Amino acid sequence: MRIAVIGANGQLGSDVLRAFANNGDEVCPLTHSEIEIADIDSVSRTLRECQPNIVVNTAAMHHVEKCEDEPERAYAINAVGARNLALVTKDTDSVLMHVSTDYVFDGRKGSPYEELDAPQPLNVYGNSKLAGEYFVRSIAEKHFVLRTSALYGKSACRAKGGRNFIQLMLKLAQERDEIRVVDSEVVSPTSTAELAQQLVALSRCDCYGLYHATAEGSCSWFEFARTIFALTGTADKLKIAGPNEFPAKVPRPTYSVLENKGLKSQGLNKFGPWQSGLRVYLEQSEFSLAKTA
Ligand SMILES: NC(=O)c1ccc[n+]([C@@H]2O[C@H](COP(=O)([O-])OP(=O)(O)OC[C@H]3O[C@@H](n4cnc5c(N)ncnc54)[C@H](OP(=O)(O)O)[C@@H]3O)[C@@H](O)[C@H]2O)c1
């Protein structure tokens, strides 16, 4: 199989490239300098040169505050960009695997969201990603839309820059006497390496559709930090941040846990508990695990 990976140097895209290449597939890495998904001519020209059987789109504008400040650009990339990919993959009879987000939900359900739950985004980012999902699902018959959550991986997230949450916590632990983290936002931290394996597994199936695709279980950012410190044997200097200590400029769901119902019903769910994804990430990174952990 020939796989085009859009966002190939991104946090998720770099693991997707590795996973398909390790699977024996031929990969066509596409960075932003090679393709502009908001431009139909660029999408059409680049994909026709590549001639993939499958296109994996990890590209997005996903800095939540920037999306709120620049809604036209967010829609051009997250919605029209997804539409452009759907139109071209339909035309070339290739499969489109498109990555979406838990932020399509408002978080008020209070229990894990399934694929059939009604989305209700709270911000421009979530709305523009939901519009992208609808374009993909209505145009490209051979599509997979995967909603995921709170990604971390070996490569830095290009949109957010710098360190991921794990690296940030371990850095702060060296620099500060006290680290304050919110306990009010519940997510399923998901390893990009595991999500990439999930994309490979789905790519061998013609079970097209919408899938929730996150690590199993959930935690608050505070609990996530506590587990990072426990697994690395780092002294725990954590305190729960007060309700107004880090005021959010843009509304976000406080509970965005997804149930991988579709993947489970296909017998294709590759995700383990979030703690084991974190452990594998730490084992493979520069951070040594605590001997007792
Ligand atoms: N990160 C998270 O916690 C999270 C959570 C849920 C869902 N998601 C979704 O997961 C996906 C991957 O996220 P990530 O963390 O891997 O992001 P990332 O590291 O920022 O990677 C995104 C990639 O897309 C490229 N890109 C951006 N705009 C583009 C455009 N208009 N045309 C072509 N390429 C473009 C970027 O290139 P440049 O940097 O050069 O522009 C970058 O290579 C996104 O769809 C995001 O919505 C992420």
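The set of residues in the stretch 253-293 that are of a type in the set (D, E, K, R) and either open to solvent by less than 70 Å² (accessible area, probe 1.4 Å) or modelled with pLDDT under 95 (or both) comprises GLU259, GLU283, GLU286, LYS291. Among the conditions (1) part of a helix (DSSP H, G or I); (2) surrounded by 20 or more Cβ atoms within 10 Å (Cβ to Cβ); (3) near the ligand (Cβ under 10 Å from one of its atoms), ARG73 misses just one, which is (2). Based on this model, can you work out whether ALA215 counts as farther than 20 Å from TYR103 by Cβ, among the aliphatic types (A, V, I, L, M) and touching a residue at least 40 places away in the same chain (Cβ under 8 Å)? Here the answer is no, as ALA215 does not meet what is asked. Among the candidates LYS129, LYS142, LYS160, the residue that is open to solvent by 50 Å² or more (accessible area, probe 1.4 Å) and under 17 Å from the mean Cα position of the chain (by Cα) is uniquely LYS160. Does ALA235 satisfy the condition of being surrounded by fewer than 20 Cβ atoms within 10 Å (Cβ to Cβ), over 16 Å from the mean Cα position of the chain (by Cα) and not acidic (Asp, Glu)? Yes: the conditions hold for ALA235.
Of the strands (runs of 3 or more DSSP E) contained entirely in the stretch 1-65, those carrying at least 1 residues that are within 15 Å of the chain's Cα centre (by Cα) and within 22 Å of LEU202 (Cα to Cα) fall at 2-6, 54-57. Taking the stretch 16-55 as the range and being of a type in the set (A, V, I, L, M), open to solvent by less than 30 Å² (accessible area, probe 1.4 Å) and within 10 Å of the ligand (Cβ to nearest atom) as the test, the residues that pass are VAL16, LEU30, ILE35, ILE37, VAL43. Criterion applied to LYS142, LYS171, LYS154 was being at pLDDT below 95 and touching an Asp or Glu at 6+ places or on another chain (Cβ under 9 Å), and the one residue passing it is LYS154.
The values are calculated or read from the model by the stated rules, or taken from the named source; none is laboratory data. The shown structure was predicted, so the numbers you read here are calculated from the model rather than taken from an experiment. Every residue, glycine among them, receives a Cβ derived from its backbone with ideal geometry; neighbour counts consider all protein chains shown. We work out accessible area using only protein heavy atoms, side chains counted, and drop any ligands, DNA or RNA first. Shrake-Rupley method; radii C 1.70, N 1.55, O 1.52, S 1.80 Å.
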